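Asks: Pasting in a structure now, in structure tokens, and then I'll have a few things to ask.
The values are calculated or read from the model by the stated rules, or taken from the named source; none is laboratory data. As the structure is a computational prediction, the values presented were derived from the model and not from experiment. No Cβ is skipped: glycine too gets one built from the backbone with ideal geometry, and neighbour counts run over all protein chains shown.
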Amino acid sequence: MIINKVTAAYFSPTDTTRKTVQAIAGGILPEIENLDLTRPEVRAEHYTFEADEMVVVGAPVYGGRIPLVSYEAIRHLHGKCTPVVIAAVYGNRDFDDALLEMRDLLSAQGFIPVAAGAFIGEHSFGNTVAAGRPDRIDLYKCADFGRQIYFWCKDVTVGQFALKVPGSYPYKARGPQSGLVHEISADCIHCMHCVDVCPTAAISPKSPAIKDMSLCIKCQACAKKCPKGARIVPDNFVENMSARLMEMCGEARKDAKLYFGR
Ligand SMILES: Cc1cc2nc3c(=O)[nH]c(=O)nc-3n(C[C@H](O)[C@H](O)[C@H](O)COP(=O)(O)O)c2cc1C
């Protein structure tokens, strides 16, 4: 297999998937292209990849699946027997059927899944569960995974791959699409950064306080990236959620789970 180009393609509201995918791609080849599917205008286009390229596709895990918007974004990627590496990034609970649905979808889109991994990223709700991950050790391991893929794929043809990943059918049901209410505190300086980082254009450019709840996917990008910490979910929702998650799955440091397709 010849790999002349590597693209890191990711949907990543709070950047943990982006860092993971970029580190893997950078381990495959030193120079990478980026396709940031977090941006709505980028997701609107279609992208085709040739057989001499490799694509690393990553999405976060929401309720054991990948978010519907990232599923739809992947439907805009088209392979021509293009090898693909799949990354699911999750907040220390579980990735359930996320890798399986990505493998199935990317296969249907003309890609050949050659390897996959489930990686840990700081949980979107708060900053206590899997805090600071992926850290330096995680990113080193991601790059090493990329290097292994490069050497391992060099001498084989795509036809030799049959990637198995965990997960089961039917996939876990997706949770209902219901946004997250934010109160805007007096610290807000109306910089509109929240508008820029919202992956679904749910926040109005007229005011940070106006949000289309039918578009909000609860990703928390607006709140986590607010320079003033001015977007607050009422009733201590985030604090309570992260305390519950901490109890359920916050303690043990989990490592990446890697799968090779031969
Ligand atoms: C709505 C929602 C649902 C989530 N569901 C899960 C889950 O089922 N399992 C898990 O371990 N983490 C879950 N997470 C945490 C994210 O998968 C994790 O924080 C991921 O690193 C976020 O990726 P990003 O930084 O690329 O946005 C969820 C986060 C959100 C916002």
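Asks: Quick check on region 1-41: of everything there that is in a helix (DSSP H, G or I) and free of Cβ contacts under 8 Å to residues at least 24 places away in the same chain, which residue is nearest to the ligand (Cβ to nearest atom)?
Replies: In this case the residue turns out to be Gln22.
Asks: Then there is this: Out of all the residues in region 74-104, which are surrounded by fewer than 20 Cβ atoms within 10 Å (Cβ to Cβ) and either outside any strand (DSSP E or B) or touching a Cys at 6+ places or on another chain (Cβ under 8 Å) (or both)?
Replies: Residues satisfying the conditions are Arg75, His76, Lys80, Cys81, Arg93, Asp94, Asp104.
Asks: Out of (1) away from the ligand (no atom under 16 Å from the Cβ); (2) within 19 Å of the chain's Cα centre (by Cα), the odd one out for Pro170 is which?
Replies: That leaves (2) as the condition not met.
Asks: Give all pairs with beta carbons closer than 7 Å in which a residue from region 213-224 that is touching a residue at least 12 places away in the same chain (Cβ under 8 Å) and in the same structural domain as Val61 (by TED's automatic domain parsing) meets a residue that is assigned to a loop (DSSP other than H, G, I, E, B) and aliphatic (A, V, I, L, M); count only pairs at least 6 apart in sequence or on separate chains.
Replies: none
Asks: Same structure again: Considering (1) closer than 30 Å to Ile210 by Cα; (2) more than 16 Å from the ligand (Cβ to nearest atom), say which one Phe161 fails and leave the rest.
Replies: Against the list (1) closer than 30 Å to Ile210 by Cα; (2) more than 16 Å from the ligand (Cβ to nearest atom), Phe161 comes up short only on (1).
Asks: Checking the condition part of a helix (DSSP H, G or I), in the same structural domain as Ala25 (by TED's automatic domain parsing) and out of contact with any helix residue (DSSP H, G or I) (no Cβ under 7 Å at 6 or more places or on another chain), which residue from Ile149, Ile137 passes?
Replies: Ile137
Asks: Does Ser70 fit the bill of being in a loop (DSSP other than H, G, I, E, B), of a type outside the set (D, E, K, R), at pLDDT 95 or above and in the same structural domain as Arg147 (by TED's automatic domain parsing)?
Replies: Taking the combined requirement at face value, the residue does not satisfy it.
Asks: Would you mind finding the one in Gly167, Gly261, Gly250, Gly146 that is touching a Leu at 6+ places or on another chain (Cβ under 9 Å), surrounded by 16 or more Cβ atoms within 10 Å (Cβ to Cβ) and modelled with pLDDT under 95?
Replies: Gly261
Asks: Ok, one more. Out of all the residues in region 57-73, which are crowded, with 23+ Cβ neighbours inside 10 Å, under 15 Å from Ala108 (Cβ atoms) and within 11 Å of the chain's Cα centre (by Cα)?
Replies: Matches in region 57-73: Val57, Ile66.
Asks: Yes or no: Met54 outside any helix (DSSP H, G or I), more than 16 Å from the ligand (Cβ to nearest atom) and crowded, with 24+ Cβ neighbours inside 10 Å?
Replies: For Met54, the condition - outside any helix (DSSP H, G or I), more than 16 Å from the ligand (Cβ to nearest atom) and crowded, with 24+ Cβ neighbours inside 10 Å - is met.
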